[in-house]
Amino acid sequence: YASAGYVLYIVKLVVPFGLSPWYPYPREVPVYYWVYPIVAAGVIAAAIASRKKYPLIFLGMAWYTVTVTPVLQFLQVGNAEMAERYAYLPSLGVLLIIASAFAAATERFTSTKVGEYLPHAAAGVYVLFLAGLSFSTSSVWRDGTTLWGRVIERFPDSPMGWFNRGHAFHTLGEYRNAIADYDYAIALNADYPYAWS
């Protein structure tokens, strides 16, 4: 799980798809999770190997690794596998690498008239892409029902998502919807005490 978090925080920073307000631990470890330790070790090895030729890559990855390690669930805190908010400070290291790569690309392409604008145009398109994703994702945080509805959409077999959306419905006085969600949480896990209460 720690290596999955290490890799996924970087991936979700650069390509923020499939975001969720909450990430439950999988009931069984998926087979593809065994690839994450290899990828994480490869990223760390590449950063170490780059320390002389590309010191900013090494510095960025060292910052990322040191600051993300306490939140990688080596010791489980809470019931979430990961949370994007844990990656805010560590992301500065990855952003340093991205900024230095952008500066290098700008310097390299300025020899031609078209190339002078190419990195800036690509950056502009990427920023617009991120802005569009931010706008569409912000609607998820409208209220508790939409927030936990997103969790249910991403993790339909998680009783906590159903329970929390049920609680949001309960708070709004929508008791039929609340009971339906509580019942579904119990159907997923008959020993889930919060839904019973």
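The values are calculated or read from the model by the stated rules, or taken from the named source; none is laboratory data. It should be emphasised that the depicted structure is a prediction, and the values quoted were computed from it without experimental measurement. Counting neighbours? That spans all protein chains shown, and the Cβs are built from the backbone with ideal geometry, glycine included. Note: areas computed on protein heavy atoms with side chains; ligands, DNA, RNA excluded. Shrake-Rupley method; radii C 1.70, N 1.55, O 1.52, S 1.80 Å.
Hey, does segment 76-97 have a residue that's at pLDDT below 90, under 18 Å from I44 (Cα atoms) and either open to solvent by 30 Å² or more (accessible area, probe 1.4 Å) or hydrophobic (A, V, I, L, M, F, W, C) (or both)? The answer is no; no qualifying residue exists. The residue of segment 11-40 that is modelled with the lowest pLDDT, among those that are β-branched (V, I, T) and farther than 22 Å from R150 by Cβ, is V29.
Could you tell me whether W22 is closer than 25 Å to L130 by Cβ and either touching a residue at least 40 places away in the same chain (Cβ under 8 Å) or open to solvent by 60 Å² or more (accessible area, probe 1.4 Å) (or both)? I'd like the intermediate steps shown before the answer.
Details: closer than 25 Å to L130 by Cβ: yes; either touching a residue at least 40 places away in the same chain (Cβ under 8 Å) or open to solvent by 60 Å² or more (accessible area, probe 1.4 Å) (or both): yes.
In short, yes.
For E28, the conditions (1) farther than 14 Å from V94 by Cα; (2) within 15 Å of the chain's Cα centre (by Cα); (3) of a type in the set (D, E, K, R) all hold with the exception of (2).
Of all the listed residues (I38, I44, I48), the sole one being within 17 Å of S3 (Cβ to Cβ), open to solvent by 60 Å² or more (accessible area, probe 1.4 Å), aliphatic (A, V, I, L, M) and more than 21 Å from the chain's Cα centre (by Cα) is I48.
Can you say whether P159 is of a type outside the set (D, E), under 30 Å from Y192 (Cα atoms) and at pLDDT 90 or above, as far as the supplied structure shows? Here the answer is yes, as P159 does meet what is asked.
The single condition among (1) within 26 Å of A4 (Cβ to Cβ); (2) at pLDDT 90 or above that V125 does not meet is (1).
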